[in-house]
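Presented below is the structure to which this report refers.
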Amino acid sequence: MPKIEVKNLYKIFGPYPRQALIKLQSGWSKEKLLRQTGHTVGIHNVSFSVEQGEIFVVMGLSGSGKSTLIRCINRLIEPTDGEIYIDGENVTALSLDKLRLVRQKKLAMVFQRFALFPHRTILQNVAYGLEIQGVNKSAREEKAYAVLETVGLKEWSAVYPEQLSGGMQQRVGLARALAVDPDILLMDEPFSALDPLIRKEMQEELMELQGKVQKTIIFITHDLDEALKLGDSIAIMKDGVIDQIGTPEEILTNPATEYVANFVNDVDRSRILKAENIMVRPTAHVSSNDGPRVALRKMKEEALSSIFVIGEDRTLYGIVTVDRAVEAVKDKVTDLKKIVETDIPVTAPDTLIQDLLPLAATARVPIAVVDENRRLLGIIMRVSVLAGLVGGGGDDNDSVA
């Protein structure tokens, strides 16, 4: 069961949203609805699900509906129609009292503008949610201290917000959300007001923190680079509609609409795509127990100039080139291990393309992608590294299987 599930969600702003919804569902465009009734469509038939521990990023330009969407999830904005489930419970059907309990126990929100109380110390700001829950002072302060230590601000607990930088204030906002130990964090463009360098640092800190706390996060942003860096899944919105949902790799390599394609056109793919995204599965290889003649025959069959040699359980042993194999046959060498090159370029599947560039520049043979046990997962030709930078693929005439 998904942690969060949104089904056919609508939000229409205006005095008679239900009547406007009927017109919208009958085929009226949002432009016609606005022109003839004065109603604005904020969210138009949006559906998605978020798994436990996932960072789900919703991105789009100003006016796309992303901030309206996140506020519908905790009902700071009441949806016009549709259903929102948290742990299988229909939040849209809850009474205000029950909704308040869900907000207190399961949800926390981090805003763009920090929303700290200027008259409270950092410790008091972080402990505020626990105070609202009725937690006694000593217990809430102990929890607040612990969370401040997690975000690296424990020594600033006694100062006031105005004494902190923007990045530090945002960390306080994050600490305040974490202090109530919510299952779900709703983050509405939390880093967009920060300077670029501080913003990058906060992105890194969030990813490091997520590795520790494993919260379910819905993160709103208008920055595609930020979305691609943080998101396990990304939803791209336009005019209240989700154009595409996918992993960062899917968004980059298979944009579903022209709008999404234009969005990702100028992205530096080398900072997003990994070795596993551009590798190809080896279709031919030889065993370390085979001989040079077997290696030559397979290279001829596959039109290859070299071939990988593997041992038991697909463990990578090395590579044999056609020249070495021909020489071995002439010299009547029958042991393939004697001509195997073991000093070959290898990489892990999660290596970024940008980190493969130096390796690809000097490699004489394709790069082997191996797991932690050195099992051969795939191969990467030099041209594939370069093609990966522009979103294409390619074949190398000197490829190996």
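Principal axis extents of the Cα atoms in the stretch 217-269, from largest to smallest and rounded to whole angstrom, are 27, 27, 16.
Computed FRET efficiency, Cβ-Cβ of N136 and I198, R0 30 Å: what is it to the nearest 0.05? Intermediate values should be presented prior to the final figure.
Working: r = 35 Å, r/R0 = 1.18.
About 0.25, to the nearest 0.05.
Straightening the chain between E83 and L61 buys 5.4 nm, computed as 0.36 nm per residue apart minus the Cα-Cα spacing. Partner lysines whose Cα lies under 30 Å from the Cα of K337, excluding those fewer than 8 positions away in the same chain, are identified as K298, K300.
Ignoring solvent entirely, what values of log10 I(q)/I(0) come out of the Debye formula for the stretch 256-315 at 0.13 Å⁻¹ when each Cα is a single scatterer? Normalising to I(0) and taking log10 leaves -0.57.
Note on the stretch 1-150: Cα-Cα pairs beyond 26 Å make up 41% of the total pair count.
Rounded to the nearest whole Å³, what is the per residue volume of the convex hull around the Cα atoms of the chain?
183 Å³
Return the Rg/Rh ratio of the stretch 276-389 with Cα-based radii and a Kirkwood Rh.
Numbers: Rg = 14.1 Å, Rh = 14.4 Å.
Computed over Cα atoms, the ratio is 0.98.
Taking every Cα-Cα distance in the stretch 23-69 and sorting them into 5 Å bins from zero, the calculated P(r) comes out as 5, 17, 22, 20, 16, 9, 7, 4, 1 percent. Measure up K143/K215; K7/K238; K105/K238 against 21 Å on the Cα-Cα distance and list the ones that go over. Pairs exceeding the cut-off: K105/K238.
Cα centroids of the stretch 328-380 and the stretch 95-162: how far apart, whole angstrom? Distance between centres, Cα-based: 52 Å. Shown here: the stretch 100-167, whose C-alpha atoms stretch 33, 28, 23 Å along the first, second and third principal axes, sorted largest to smallest.
To the nearest 0.05, how large is the calculated FRET efficiency for E162 and N45 if R₀ is 60 Å and r is the Cβ-Cβ distance?
Numbers: r = 44 Å, r/R0 = 0.73.
Taking R0 as 60 Å, the efficiency between E162 and N45 is 0.85.
So if we plug the beta-carbon distance of K98 and K7 into 1/(1 + (r/R0)^6) with R0 = 22 Å, what FRET efficiency do we get, rounded to 0.05? Walk me through the intermediate numbers first.
On the way: r = 19 Å, r/R0 = 0.88.
Calculated transfer efficiency: 0.70.
For K98, the lysines whose Cα falls under 16 Å of its own Cα, not counting residues fewer than eight places away in the same chain, are K106.
Can you give the local net charge around T342? Use residues other than it whose beta-carbon is closer than 15 angstrom to its beta-carbon, Lys and Arg +1, Asp and Glu -1. Local charge sum for T342: +2.
Residue-wise HN-Hα couplings along the stretch 289-306, as the Karplus relation 6.51 cos²θ - 1.76 cosθ + 1.60 with θ = phi - 60° gives them from phi, are 8, 6, x, x, 5, 5, 4, 4, 4, 5, 5, 5, 4, 9, 6, 10, 9, 7 Hz; Gly and Pro carry x.
Among S49, S95, S29, what is the fewest-to-most ranking by other Cβ atoms within 10 Å? The partial results should precede the final answer.
Details: S49 16, S95 8, S29 12.
Ascending number of Cβ neighbours within 10 Å: S95, S29, S49.
Working note: 222 nm ellipticity from helices only, DSSP H runs with n ≥ 4, each -39,500 (n - 2.57), summed and divided by the residues of the chain, gives -11000 deg cm²/dmol to the nearest 500.
Any read-out appearing in this document is the output of simple, stated calculations on the displayed coordinates, not a laboratory observation. Everything numeric in this text was worked out from a predicted model, so none of it was measured. Neighbour counts run over all protein chains shown; Cβ positions are idealised from the backbone, glycine included.
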